[in-house]
Amino acid sequence: MLTKFETKSNRVKGLSFHSKRPWILASLHSGVIQLWDYRMGTLIDRFDEHDGPVRGVHFHKSQPLFVSGGDDYKIKVWNYKLHRCLFTLLGHLDYIRTVQFHHEYPWIVSASDDQTIRIWNWQSRTCISVLTGHNHYVMCASFHPKEDLVVSASLDQTVRVWDIGALRKKTVSPADDILRLSQMNTDFFGGVDAVVKYVLEGHDRGVNWASFHPTLPLIVSGADDRQVKIWRMNDTKAWEVDTLRGHMNNVSCVLFHARQDIIVSNSEDKSIRVWDATKRTGLQTFRREHDRFWILAAHPEMNLLAAGHDSGMIVFKLERERPAFSVSGDALFYVKDRFLRTFEYSTQKDTQLIPIRRPGSSGLNQGPRTLSYSPTENAILVCSDTDGGSYELYVIPKDSYGRGDIVQEAKRGIGSSAVFVARNRSDDRVVNFDLQQRIVLGDLQTSFVRYVVWSPDMESVALLSKHSIVIADKKLVHRCTLHETIRVKSGAWDGNGVFIYTTLTHIKYCLPNGDSGIIKTLDVPVYITKIYGSTIFCLDRDGKNRPIIIDSTEYIFKLSLIRKRYDQVMSMIKNSELCGQAMIAYLQQKGFPQVALYFVKDERTRFNLALESGNIEKALESAKKIDEKDHWYRLGVEALRQGNAGIVEYAYQKTKNFERLSFHYLITGNLDKLSKMMKIAEVKNDVMGQFHDALYLGDVRERVKILENAGHLPLAYITASVHGLHDIAERLGKELGDNVPSLPGGKQASLLVPPSPVLCAGDWPLLMVSKGIFEGGLDDTGRGVDEDYEEEAADADWGEALDIVEVANLQNGDVSLVLDDEAVHEENDEEGGWDLEDLDLPPDAETPKTAPNARSSVFVTPTLACLHTYLRAFTSAPVISIAVEREKLKAGYKATTAGKFSEALRHFLSILHTIPLIVVETRREVDEVKELVVIVKEYVLGLQMELKRRELKDNPVRQQELAAYFTHCNLQVPHLRLALLNAMTVCFKAQNLSTAANFARRLLETNPSNENQARTARQVLQAAERNMRDATQLNYDFRNPFVVCGATYIPIYRGQKDVTCPYCYTHFVPSQQGQLCTVCDLSVVGADASGLLCSPSQMR
C-alpha cells in the first residue's frame, strides 16, 4: 500500500474523488464537508451547513457541483466554485446514508433509514421516483455505470437490484401534463417507474454495502456477518458466486477495482483487505491500530483509492505504476506485458526482445520494480517485490533482436535490491566512489535520494528525492536545490545543460542557477527517458513510449540571459512569442528591466520599466501616450538625473511647472527662453515668477518696473538708486515725496549677475546611463559590434573601381548615412566613401545625441611619461562611463563603413583621449577598458595610414605599401574586407599582380556576403594566374609576420627591435624612443610607465 495523502479529522463517513482535478471530498461525523487537494496536501474549502453527521457525498462528473446527505434528513446540492449550497431537497423522513449523481441524466439517487430509495431530478429540484420494498434501513444505493439499474443494500439482509428503464424513457420522452398528474400518485407509492429486478438473499446479517462491477454483470456486497459476497446476474436471474471470508468484524464497504481484477473491502476490524476477484483469495491486508474503517472510494479514472476511518482518511495506491526502464546510449530497455522490449531513439523502432516472466504470475506488486542494463555483458537485471524481494538476471541473446519468443530461464535470487556494481545507500548523504582508485571523489549531505541522473557529458548530476531535486557537479559540489510540493517523478538532462523533470502534473525545467518553471501540464504522469532537442521521450504508466514535443523557448531564453549570450537573447526577442507577467517579473528580478520592455504592451508598465532601466527615450514615448501630470513629473526627475536637458525641459513644459523651468533655463544658460518665461509670467500675472526671472536674467530695469507696477515704490527707488539708474530714481523720488527711503552708508553695491553655465543648452554628463546591449550598446567590447557590422557592411565598398574585363564598375555613390551628432563634413568630398544605399541600420544602433560643443570639452590629459600621471580634480570634469565610449566606438565604426575616414579618426582619437578619465570597479571592466584601447589603437593607426596614402598622389609605390599595411591592422571583418578590396585594386592597377592575387585570396577566405566583392576577387585571381609577377618591388612581405611602426609606417618584422607606447601599446622603430606617441598623442614612446590604471582593483 502506497499512501499518497493522509488527513487527521473527525470520523470520515463519506468520500468522493473529483474526476479531473486532484481533489477529494470528505464528509465528517461532525457535520463538516472538507474539500482537499490530495496532491498538494492542502485543505481547499470546508462546507458547514448540515446539522449532525454527513454520511454521503458525491462529485458531479462534469458540472462544478457536489451533493451531500446527512442525519438532518436533507440532501444539499452545492456549487464549489461559488462556495455555497444552491438548494436543498426535502422528502426523506430519516437519516440519509448515501447520495450519488447519475453519470448521464440530471438525477441523484439517495438511500435512507426511512426504508426508501429516492431518485431526484436536480434540475427541476423534484423527487421523480420513490423505490420502496426494503423493510429496514437502506444502507446504500448506487446507479449502474452503464445500464438502467440501481443496486441497494439494507439491514433487512438483502441486496436489491432495481430496473429504472421506464424512468429513463419517461425522462427522454416525457408524457403530457395530464398523464404526469395521474402518475404522481403511483410514483409516491412505488409505481411502475422503478421495479425490483432481483432480490439477493444470502447474508446472515444486515448488508452495509453493495456495488456493481464497472464492466461485467457482477455485484459485490459486504455485511455485518463479516463476509464479502460476489453475485452474478443475467437478464432473468441473479445468483451468489462465492464468499470471501477473512474480516473479523462488520464489513463497512466493498468495491471492484476499476483497472485491476481485484476487490477491495474495509471493515470495522480496522483493516483494508485486497482480494483476487478471479481466484477469490486474499492478496493483501492493511491494518490500522485504533481506527475502524467506514467508507471506500475509487478514483473514476486513475489508479487511486481512498478510505475513511475514525480519525481521518487516507488516499492510497495498491502498487507502483512506474515502469521499469534503463537507458543505454541510443536505446531504451523497458518491461511491458511480461516482455523485455527495446526502443531505439534515432529510428523510433520498438522491438520485443525476450519474455521475462512465467506466464500467469502477474499478481499485485509482482511486476518489475527496477531494471539495470549492462552493455558489456548485454545482460538485464530485473528487481521486483516477488517473494519479499527478488532479482532475475537475463542475458539477451544476440539473435533475439526482433524475435522475442525465446523463453529463457533466468538466474534468480532473493534480495531487496541488486545492481551491476554494488552500492551502499545512506539516508542522508550521497557518495561518488572511484572503483579503480578506490577513493571517494566527493560526497554530499542530502535527504533520502531515490534516483540519480547524470548529464550526458558527466559534468553535472541531479539527485531526485520525493519532493526535492539537488543539482551538483561531478565532484558532488552543491549547485542548487529545488523544492516541489507535488511529488517528483523523473528527469533527464537536455543538450543545453538544463535539467528537465516531471512531477505528477507537470513537465518542468531547472536552470543551472536554480531557477525553474513549467514547460507543460500533464494529464497523466510520465517518466522521462531521454531528451533530443525539443522532443522528450518518455514512458507512461502503461509502458507505452510517448514522444512529447515541447516549446523550449522560455528556458533557452533564460539560459541565454544567465550565460550572457545576448546575441541569442536579441534574436529570440525579435522572433518568438515570449510574453506574460511571469516573464516580465523574472526579467525585473534578474536586473533586466530593459529586456522586459520588449514584452510589455501596457503603457504604464512600459513607462515604469523604462524609468527603471534608464531608457529615457522609451519612457518619453510612453509618457506621451499616457499624458498624465504624475508621469511627466517622474520623467522630468529621471531626465534631470541623467542630464538630458531637452527632455527635462519638455517634461516641465507639459506639467506647466514654470518655476522649475525658469531655474532650468538659468543653469543651462538659455537666456532667450528665460526672457520668454518672464513674458509668460507677466501675461499670467505671476508677479513673483516675473521678478525671479528678471533676477535670473540680471535685468535691473525690469525688476524696477515690476516693483513699481506692484506698488512697492520704496523698493523700486532703492533698486534703481543702488544700480545707478538715476533718471528712474529721480522720477520715483518725486512720486514718493517725503517718503523717500534713505540708503545705508558705507556699503559697496555690486550687481547680481547670473553665473555663466558650465555647459550651454546641451546635455551634461551628470549620470551616464549605458544604453545596454539590448538598445544597441556593446556588452563585451567589440564582440557585439562584430556581429552587428557583419550584416551592415555587407554591401559597402571603399575606394576606386577596377577596370577588369567583365567586371562591373563599383560605384562611388553618395553616402546616405549621417550621424546624429554631426553634420556631413566637408572632407567627404575628398574621401568619396562607398555605396551604402542598401545599408539597413537597426534603429537601436543609433548613437545618443550629444551637445554640439561636447567634442571640444574633452579634457586632453598630460603625457604619461612618469610612472603615474594624476589628473587634478576640477569642477566641470565630466563623469564618464565606458558605455559612452562604446557608443563613440559604434559611431567610429559607422563612419569607417561610410568611408568618412577623417570623421572616424576623430571619433577613435576622442575615445583614446577620454579613456584616462574613466573609473571602473571590477577586474572584468578593467579588461574591457584595455581591450577597447587596443581595438581603437588599431583603427587609429590604420586610418592614419589610409589618409596619408590619399595625400600621396605622385608616389604609387608608397601608396601600394600603405594600402597593404592597412590590411594587417586588426579590423572588424567587414572593414578588413574593404581594406583588402582597396589594396587589391591599388596593386592591380599598378600591375603588381602577384601581390594583388594575395589580397584577393585573403578576401575570398573571409567569405564576403557581397557578391560584387567576391566576383571581383575571383576575376583578379584569374587575371593574375596568367601572369603571376609584380611590376615594382614593395617593402612588403606578407609571408613574414610584422607590425607597423606608428610614426614611420614601415613594417617591423618579427625578431627586429622595437619600442612601444605604454598607454596604447603601438609599436615603433627604436629611433622614435622618447618622442610623443603619434597614435594616442598622450604618452612618451618607450617610457618606463605603469600604463593605464583605471580601477582601485588594480592597486590592491
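Figures for the structure shown
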{"item": "For the stretch 1047-1100 versus the stretch 906-985, the gap between their alpha-carbon centres in whole angstrom", "result": "15 Å"}
{"item": "The stretch 560-655: Lys pairs at Cα distance under 14 angstrom, eight or more positions apart or on different chains", "result": "6"}
{"item": "Accessible-area order (highest first, 1.4 angstrom probe) of the listed residues 1029, 541, 273, 1039", "result": "1039, 1029, 541, 273"}
{"item": "Two-site FRET efficiency, residue 30 against residue 434, from Cβ-Cβ distance with R₀ of 45 Å, rounded to 0.05", "result": "0.15"}
{"item": "Per residue accessible area in Å² of the stretch 912-1021, where ligands, DNA and RNA are left out and the probe is 1.4 Å", "result": "35 Å²"}
{"item": "Added length on full extension, which subtracts the Cα-Cα distance from 0.36 nm per residue, residue 166 to residue 1081", "result": "318.7 nm"}
{"item": "Accessible area per residue, Å², the stretch 603-756 with all protein chains present, probe 1.4 Å", "result": "57 Å²"}
{"item": "The stretch 698-727-the stretch 573-630 distance, computed between alpha-carbon centres (Å)", "result": "53 Å"}
{"item": "The stretch 279-344, accessible area per residue, ligands and nucleic acids excluded (1.4 Å, Å²)", "result": "39 Å²"}
{"item": "Alpha-carbon centroid distance for the pair the stretch 1013-1034 / the stretch 437-458, whole angstrom", "result": "63 Å"}
{"item": "Links that overshoot a 18 Å alpha carbon limit, given the list 900/948; 508/544; 900/989", "result": "508/544; 900/989"}
{"item": "Potential lengthening between residue 524 and residue 21 on full extension [0.36 nm per residue; Cα-Cα distance subtracted]", "result": "179.9 nm"}
{"item": "With DNA, RNA and ligands ignored, accessible area of residue 58 (1.4 Å probe; Å², nearest 10)", "result": "50 Å²"}
{"item": "Largest-first ordering by accessible area, 1.4 Å probe, given options 95, 1036", "result": "95, 1036"}
{"item": "Residues with amide H under 5 Å from that of residue 262, placed H, sequence gap 5 or more", "result": "257, 277"}
{"item": "Longest to shortest principal axis, alpha-carbon extents of the stretch 916-1069, angstrom", "result": "59, 35, 30"}
{"item": "With all protein chains modelled, accessible area of residue 1009 [1.4 Å, Å²]", "result": "80 Å²"}
{"item": "Peptides 109-120, 628-639 ordered by average Cβ neighbours within 10 Å, highest first", "result": "109-120, 628-639"}
{"item": "D_trans [Stokes-Einstein, Kirkwood Rh over alpha-carbon pairs] for the stretch 1037-1081, 4 °C, 1.567 mPa s, µm² s⁻¹", "result": "121 µm²/s"}
{"item": "Lysines whose Cα lies under 27 Å from that of residue 279, excluding same-chain neighbours fewer than 8 positions away", "result": "146, 229, 237, 270, 317, 336"}
{"item": "Karplus-derived 3J(HN,Hα), 6.51/-1.76/1.60, for each residue of the stretch 332-345, Hz, glycine and proline x", "result": "10, 9, 8, 10, 8, 6, 6, 10, 8, 10, 10, 10, 8, 5"}
{"item": "Pair residue 289, residue 478: separation of 7 Å Cα→Cβ label points (nm)", "result": "3.4 nm"}
{"item": "With DNA, RNA and ligands ignored, accessible area of residue 570 (1.4 Å probe; Å², nearest 10)", "result": "30 Å²"}
{"item": "Computed label-point distance, nm, for sites residue 241 and residue 653 using a 7 Å Cα→Cβ extension", "result": "9.1 nm"}
{"item": "Under-5 Å amide H pairs with residue 58, H placed in peptide plane, nonlocal only", "result": "67"}
{"item": "Partners for residue 705 among lysines (Cα-Cα distance below 26 Å; same-chain residues under 8 apart left out)", "result": "656, 673, 676, 679, 684, 734, 747"}
{"item": "Stretch gain in nm, segment residue 565-residue 633, where the contour uses 0.36 nm per residue and the Cα spacing is subtracted", "result": "20.8 nm"}
{"item": "Projected-area average for the stretch 577-715 over all orientations - Cα convex hull basis, square nanometres", "result": "9.7 nm²"}
{"item": "Most to least accessible of 523, 269 (protein chains only, probe 1.4 Å)", "result": "523, 269"}
{"item": "Residue 676/residue 624 FRET efficiency (R0 30 Å; Cβ-Cβ; nearest 0.05)", "result": "0.85"}
{"item": "Length-normalised contact order of the stretch 56-159 in % [C-alpha pairs under 8 Å, at least 6 apart]", "result": "18 percent"}
{"item": "Percent accessible area from carbon and sulfur atoms, the stretch 939-980, protein chains only, probe 1.4 Å", "result": "49 percent"}
{"item": "Efficiency of FRET between residue 445 and residue 146 - r from beta-carbon atoms, R0 60 angstrom, step 0.05", "result": "0.60"}
{"item": "Note, ³J(HN,Hα) from phi for the stretch 502-507, Karplus 6.51, -1.76, 1.60, rounded to Hz, x at Gly and Pro", "result": "10, 10, 4, 10, 9, 9"}
{"item": "Solvent-accessible area, 1.4 Å probe, carbon plus sulfur percent, for the stretch 60-138", "result": "46 percent"}
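The values are calculated or read from the model by the stated rules, or taken from the named source; none is laboratory data. The model shown is predicted, which means the values in this text are computed figures rather than measured ones. Neighbour counts run over all protein chains shown; Cβ positions are idealised from the backbone, glycine included. Only protein heavy atoms, including side chains, enter the accessible area calculation; ligands, DNA and RNA are left aside. Shrake-Rupley method; radii C 1.70, N 1.55, O 1.52, S 1.80 Å.
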